[in-house]
Structures are given as C-alpha cells and as structure tokens.
Amino acid sequence: MLINSNISFVNSPLEQFEVTNLIGINAPILGYLNITLTNLGLYSILVLFLIVGLHYAGNNEIKLVPSKWSIALESLYASIHSMVREQLGKEIYLPFIYSIFFFVLIANLTGNVPYSFTITTSIMVSIGLSFTILIAVTILGLSIHKLHFFSYFVPSGTPLALVPLLVLIELTSYLARAFSLGIRLFANVVAGHTLMKILSTFLYKMFSAGVLAAIITLIPFSLFLAICGLELAVSVIQAYVFTILTCSYIKDVIYLH
C-alpha cells in the first residue's frame, strides 16, 4: 500500500559545521596516495591569503599618504604591541601574538559571510591550536627555568604533607588550559552561528508566507540585523580574548606565578 504524504525536511543548523570533502584524488603513487581537499582546508588557505593580502594592501613603504588599510593595520598593531608590552614586558613575543590574533580574527570574520565555513568552529582547529600553544609555552618555561620550572606546580608556603595533592591539582589546572582556551573559542563561535542559522531560517519562512507576513516580519528582521552586528563584535572579542589569554599563559611561565 502506497501512502502519499508531503514531508518537508528541515536542515539541521549544525550541518554548517560539518567538514566535507570537496575534491578527492586517488593516485597509485607510493603504494596508495589519497589527496582530499575539504572545506576546512579550503577556507584555511583562504584565511591565509586574506591575511597576506590585507597586509600587502596596507603596505605603506612607498606612499606618502597612508591608506585606510594602512591606518587600520597600524592601529591594530599598536594595540597588540601595547598589550604585549603591558602583559609580558618583552617584544620578542610580539610576532607570535600578532599572528595568533590575526589568524583567529580573520577566521571568525570570514565565517560571518553567508554560505561560508568558519574554521574556528572545527574542534580540531580550536583544540589543536590551544594544545600547540600549551606545548610551546611549556617548552618556553623549561628553556628559561630548567628544572626550577616545576616549582610552578608547588605554591609557596605549602605544607609538605599537602604537596602531592596540590601538585596534582595545579598540574590538572595547567593541562586544562589546553582544553579551556580552545573550547571557549569553539563554543562561542558555534553558539553564535547556530543562532544566526535558526533565525535566518525562521525569517525566510516568514517572508515566504505572504505579503502581510512579510511586512510584519520587517520588525524581527531589524532585530536580526542587530544580532548580525553583535556577531561581528563577538568575532573580534573572541580573537582578543584568545590572544590576551595566550599572553597570560606566557607570562605565568616566564615569571612562575
């Protein structure tokens, strides 16, 4: 018996975060070679080209009057330079901090373009970046303080009987940074994009319902535009938070406090 029914399938708002294969090449080289370009890889390359392109456009070496791009980049550079100087007191870490800030910032802003993919919504990117930073910070602390670095896990004035327990707690707290730094970025970006997807789907259905419904929908649509602006602000804020926390972690291992 056949039953005819009209079933409308609604895409999940979480589908926008799925990593999908775009191009795949299978070649019998070196036994078996499989080369695949995913949307994550494509947008990672795009973010790299955007960062290089923005700095090339803001290059002011041969111009007497600075362009708008140049002024914007110099302002961002001055802000990050001031943050590194206040947090760390050493400008040697400025290129590293500057690179992290621009990577997260451009990745977040690129994801706000409709039908694009946000690479910071991938847990592999967010957690991988935070793990890499933790490993680098640990190596930095060992290179500066040698074995004295492990005194970081023993608070001063701790009774000898409590040392094993406090070392375990401090070590757990230290390793948790690898997760908290990336999960904070991941969760905030995913939450914002999920909300935008749900609202945009709802508004699309309202606009398609008829002329009267479309006119009424103009009110929530104005609120939706305000939320879009808020999401842009969140993209910048998350890049700043990620950067300043990285500075804080570096500061802790430099001065062991």
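The values are calculated or read from the model by the stated rules, or taken from the named source; none is laboratory data. Quick caveat: nothing in here was measured; it's all calculated off a predicted structure. Ideal geometry is used to build each Cβ from the backbone, glycine not excepted, and the neighbour counts take in all protein chains shown. Heavy atoms of the whole protein, side chains included, go into the accessibility calculation; ligands, DNA and RNA do not. Shrake-Rupley method; radii C 1.70, N 1.55, O 1.52, S 1.80 Å.
Couple of notes before you dig in:
- Any chance S208 is among the polar types (S, T, N, Q) and closer than 20 Å to I254 by Cα: no
- Cβ pairs under 9 Å, 6+ apart, first in the stretch 149-168 and touching a residue at least 40 places away in the same chain (Cβ under 8 Å), second of a type in the set (D, E) and open to solvent by less than 50 Å² (accessible area, probe 1.4 Å): Y152/D252
- Summed over the stretch 207-217, residues that are in a helix (DSSP H, G or I) and either modelled with pLDDT under 80 or more than 18 Å from M196 (Cβ to Cβ) (or both) total 6.
- From the list A209, A178, the lone residue that is more than 26 Å from L109 (Cα to Cα) and either open to solvent by 50 Å² or more (accessible area, probe 1.4 Å) or under 23 Å from the mean Cα position of the chain (by Cα) (or both) is A209.
- Across the stretch 124-132, a minimum of one residue is classified as in contact (Cβ under 8 Å) with a residue 12 or more places away in the chain and under 21 Å from L232 (Cβ atoms).
- Checking S82, S75 one by one, the residue that is within 22 Å of the chain's Cα centre (by Cα), over 22 Å from S126 (Cβ atoms), of a type outside the set (D, E) and at pLDDT 90 or above is S82 and no other.
- Restricted to the stretch 1-52, and to residues there that are of a type in the set (F, W, Y) and open to solvent by less than 60 Å² (accessible area, probe 1.4 Å), the residue that is modelled with the highest pLDDT is Y43.
- The stretch 136-158: number of residues that are among the polar types (S, T, N, Q) and either assigned to a helix (DSSP H, G or I) or surrounded by 15 or more Cβ atoms within 10 Å (Cβ to Cβ) (or both): 3
- The lone exception for V113 - which of (1) closer than 20 Å to L48 by Cβ; (2) free of Cβ contacts under 8 Å to residues at least 60 places away in the same chain; (3) open to solvent by less than 40 Å² (accessible area, probe 1.4 Å); (4) outside any helix (DSSP H, G or I) it fails: (3)
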